[in-house]
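Report on one structure; see the data block that follows.
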Amino acid sequence: MRRIHPCGRQSGEALGVAISEFSPAFVEAFNGGAVLFQAGRFDEAAETFRRLADERPDIANLHGNLGLSLRAAGRPVEAMEPLRQALRLRPAYPDALNALGGILLDQRNLDHALVAFRELARLKPDYPGALLTLGNLFMFTGDGEKARAVYRLALSVEPDVAVNYNNLGAVSLSLGHPPDAALNYRRALAIDVGKPEYRKNLGTCLLMAGDYPNGTVAYEGRLEQPVWRKRNMPGVLWQGQPLAGKTLLVHFEQGLGDSFQYIRYAGVLKRMGARVLYECQPALKRVLSTAPDLDGLFAFGEPLPAYDYYISLMSLMHRLGTTPDNVPGGVPYIRAEPELAARWAERLDRLEGGERPALRVGINWHGNETGKSIPLECFEAMGRLPGVRLYSLQKVSGLDHLERLRDRVAVTELGADFDAGPDAFLDTAAVMANLDLVITCDTSVCHLAGAMGRPTWVVLKWFADWRWMRDRLDSPWYPTMRLFRQAKQGDWAEVMARVTAAAEEVVAADVAAKSAGRTAR
């Protein structure tokens with residue numbers, strides 16, 4: 001996709017016209033520009049081709065070489081007009097189409113990039129990377145079926161290119177075909193043996209399918225990816241050595257929710273005889289201080305005591321042989337601070353004027369990753385249900401939606417001081433301890449609620465994260481959790497209608513139980 005072709009072909013071929021049309025000085029200048037380009041002196045090459053294009057503005061390749069040189073020089077905005085002029089003069093110009101499409105893609109101008117790469121694939125399907133990039137664009141724009149067809153065509157043109165198999169695996173997984181995805185990831189690995197990215201992708205595919213024994217092994221590939229935030233910890237990596245009488249440092253790895261999900265392993269390690277230390281994200285130190293079985297909790301950046309072994313948090317799945325059937329349980333293993341929970345109990349009571357609703361529901365609708373967020377308007381019907389009161393657990397992102405829809409969606413806000421300090425989730429945990437139900441998209445909020453053993457409904461996009469596997473409506477990680485999945489991609493209205501109906505059923509059951517002299521919760 002990012003290839004910038006050299007300008008150093010024979011002069012006549014490069015100019016696209018008979019060489020006899022040009023003076024020796026013109027040809028010499030053109031060849032000099034090509035030499036500058038080949039030497040990586042792109043700014044000088046650009047000036048040469050600009051001067052020649054001004055002299056002969058009817059030659060498409062001069063504008064094209066100017067555009068290629070400017071792009072290579074890191075001046076993509078300037079490159080666009082000469083590339084467009086080259087295409088106006090010669091529409092069938094693969095190098096210019098590739099370069100212009102690449103710039104548009106970098107600018108996230110996906111619609112126009114798609115036009116450029118579609119034309120490039122039509123003109124020259126064997127152009128290196130053209131079909132791969134076109135498939136990627138269909139993936140970016142949400143058309144998985146077209147992406148899969150294009151990746152298959154790319155494999156017919158370039159059958160020995162591992163990334164074609166990798167990307168076909170990715171789109172197959174997104175379309176709900178884990179076996180096909182795993183097959184293609186393995187084919188990629190057969191060509192590019194052991195590549196960490198492909199190993200990690202195979203791991204997520206197998207984990208999504210519930211094959212933890214093989215999935216956790218392959219998922220270790222993530223730690224070798226160049227893009228990974230790898231920790232160069234001093235000492236000895238724990239790879240299953242006996243832990244009796246030893247100190248094991250577990251360090252955080254990815255998001256905040258992962259610390260909530262996997263801190264449970266401290267109990268397993270403790271039972272193996274280890275003294276367990278955990279290095280966490282600084283914002284989580286206080287909320288994680290309620291987790292049992294830790295002999296030491298340290299925020300990243302704080303001095304660490306001596307230890308015998310270290311391991312990355314999410315590698316514990318592999319080293320401890322986790323499967324969906326033996327996930328360490330024991331919720332709740334994170335608790336709200338009692339005094340803070342009591343203060344929030346009083347505060348919620350005041351907000352309700354002493355009239356407690358049948359169902360207190362905390363909602364979190366916005367996540368930071370693409371496609372996970374629930375449109376806030378989808379909570380409108382639930383907010384109107386008799387006996388239901390919605391409380392916003394949202395922080396930072398997504399609050400603009402609340403401002404826009406405040407008159408439409410009945411959501412009680414918890415004040416500017418809600419989790420306003422340096423320690424994250426303290427108020428969230430305290431509020432959750434006083435709620436009947438948490439409804440959230442796939443963010444760290446759902447992991448905290450699950451770790452606290454609170455009744456939690458997670459509303460998932462159609463192609464959800466591997467942690468939720470495929471098709472299941474429950475989670476082996478959180479026994480108090482219920483999963484609601486989109487029936488088709490992007491359709492939040494339908495799945496939220498089911499969530500609202502389920503909430504109405506809970507209220508009805510509560511009312512019936514109370515009328516019978518008992519409680520449903």
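Tell me, please, whether a residue that is open to solvent by 20 Å² or more (accessible area, probe 1.4 Å), among the aliphatic types (A, V, I, L, M) and modelled with pLDDT of 95 or more can be found in segment 84-91. Taking every residue of segment 84-91 in turn, at least one turns out to be open to solvent by 20 Å² or more (accessible area, probe 1.4 Å), among the aliphatic types (A, V, I, L, M) and modelled with pLDDT of 95 or more. Checked against (1) at pLDDT 95 or above; (2) over 29 Å from Glu279 (Cβ atoms); (3) touching a Pro at 6+ places or on another chain (Cβ under 9 Å); (4) open to solvent by less than 60 Å² (accessible area, probe 1.4 Å), Leu153 passes all but condition (4). Picking from residues in segment 367-393 that are at pLDDT below 95 and not small (Gly, Ala, Ser), the one that is farthest from Arg454 (Cα to Cα) is Thr370. Residues in segment 438-456 that are more than 20 Å from Tyr333 (Cβ to Cβ) and open to solvent by 10 Å² or more (accessible area, probe 1.4 Å): Asp442 only. Based on this model, can you work out whether Glu158 counts as open to solvent by 60 Å² or more (accessible area, probe 1.4 Å), farther than 23 Å from Gly33 by Cβ and among the acidic types (Asp, Glu)? So Glu158 does not fit the description; no. For the subset of segment 164-219 comprising residues that are β-branched (Val, Ile, Thr) and touching a residue at least 40 places away in the same chain (Cβ under 8 Å), which member is most open to solvent (accessible area, probe 1.4 Å)? Per the criteria, the residue is Val217.
The rows are residues; the columns are (1) within 27 Å of the chain's Cα centre (by Cα); (2) under 21 Å from Glu224 (Cβ atoms); (3) in contact (Cβ under 8 Å) with a residue 24 or more places away in the chain.
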| position | (1), (2), (3) |
| --- | --- |
| Met314 | yes, yes, yes |
| His318 | yes, yes, yes |
| Gly321 | yes, no, yes |
| Val327 | yes, no, yes |
| Glu346 | no, no, no |
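Here is the figure for segment 390-412: residues that are in contact with a Leu (Cβ under 7 Å, 6 or more places away or on another chain), of a type outside the set (A, V, I, L, M) and open to solvent by 30 Å² or more (accessible area, probe 1.4 Å) total 1.
Where helices (runs of 4 or more DSSP H) sit wholly within segment 1-78, those with at least 1 residues that are open to solvent by 60 Å² or more (accessible area, probe 1.4 Å), farther than 28 Å from Leu114 by Cα and at pLDDT 85 or above occupy 24-38, 42-55.
Any residue in segment 122-129 that is buried (at least 16 other Cβ atoms within 10 Å of the Cβ) and assigned to a helix (DSSP H, G or I)? No - not one qualifying residue is present in segment 122-129. Screening segment 472-509 for residues that are closer than 28 Å to Phe260 by Cβ, touching a residue at least 12 places away in the same chain (Cβ under 8 Å) and among the charged types (D, E, K, R) and picking the one that is surrounded by the fewest Cβ atoms within 10 Å (Cβ to Cβ) gives Arg498.
The values are calculated or read from the model by the stated rules, or taken from the named source; none is laboratory data. This is a predicted model, so every value here is computed, not measured. Backbone-built Cβ (ideal geometry, glycine too); neighbour counts: all protein chains shown. Remember, those area values only see protein heavy atoms, side chains included, never the ligands or the DNA or RNA. Shrake-Rupley method; radii C 1.70, N 1.55, O 1.52, S 1.80 Å.
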